[in-house]
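Read through the structure below, which is laid out as structure tokens, and then see the notes.
Readers should treat all values here as calculations from the given coordinates under stated rules, not as data from a laboratory. This structure is a prediction, so every number in the text was calculated from the model and none was measured. Neighbour counts run over all protein chains shown; Cβ positions are idealised from the backbone, glycine included.
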Amino acid sequence: MRHTARNRASTYRSATRPPPRGAQVPGSPKAKPGSGEAFATPDGRRLFLRSIHPDDAEALRRAFARLTPEQARHRTFHRIAELSREMTERLTHADPDTTTALVVVDADGEIHGDARLHVDAATDSAEFGVAVDPAYTNQGIGWRLMERLFEDAKRRGLYELWGDVLAENHTMLDFAKAMGAERRPVEHEPGVIRVTFRVPGNARP
């Protein structure tokens, strides 16, 4: 999924096996090492899911740098080698009224997954994105992050989450399909597919 002018996060990679559901994401003005919703991956790595905060800036830049060139292009729709400090600043200072931004981190605070949604109040929907460290795929991280986005979208009263995906990004499209997304081409944008999720429990106004 592309990086738009509002700098919403993008691509997502995950296994299609859902992990056990956990607690709600705890809010914290400043995260501490080992804080957040703790869980273990199927291969035994212990991670934590929490809201992003300004101190995550450098960890977010390192996480982006670990993506392959192909993954980075899938994420931004452009060839970008690294996140600029200006972009990183915007991504780590999310407005809670319009944006939900989550990260999955290890005990040292390194980011291995991130997800966010940006609300479009005019349509009661939100653009979303999920990204997972290539060394941490097939561990249910993307699935877990999406579940938290669904929970937050339901709390906000939204009825739909959507995102644009390059048609060549089969991993992302397969993941969206496994989670029940609808897919359709984007008009006037060849090679771009829009994936859309209905938020469980919320009806279109």
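Counted by neighbouring Cβ atoms within 10 Å, the residues Arg116, Arg90 run from fewest to most as Arg90, Arg116. Translational diffusion of region 112-187 was estimated from the Stokes-Einstein equation, with Rh taken as the Kirkwood radius over Cα pairs; at 10 °C and 1.306 mPa s the coefficient is 120 µm²/s. Ranking of Ile52, Ile193 by neighbouring Cβ atoms within 10 Å, starting from the fewest: Ile193, Ile52.
Two numbers describe the Cα atoms of region 72-205: Rg and Dmax, which are 14.9, 45 Å.
Given R₀ = 22 Å, what would the calculated FRET efficiency be for Asp43 paired with Lys177, taking r from the Cβ atoms and rounding to 0.05?
Working from the Cβ atoms, E equals 0.35.
Compute the FRET efficiency between Glu168 and Glu86 as 1/(1 + (r/R0)^6), taking r as their Cβ-Cβ distance and R0 = 25 Å, and round to the nearest 0.05. Working from the Cβ atoms, E equals 0.30. Counting 0.36 nm for each residue step from Ala203 to Arg66 and taking away their Cα separation leaves a gain of 45.4 nm. What FRET efficiency comes out for His188 versus Ala122 if R0 is 22 angstrom and r is the Cβ-Cβ distance? Round to the nearest 0.05. E between His188 and Ala122, to the nearest 0.05, is 0.60.
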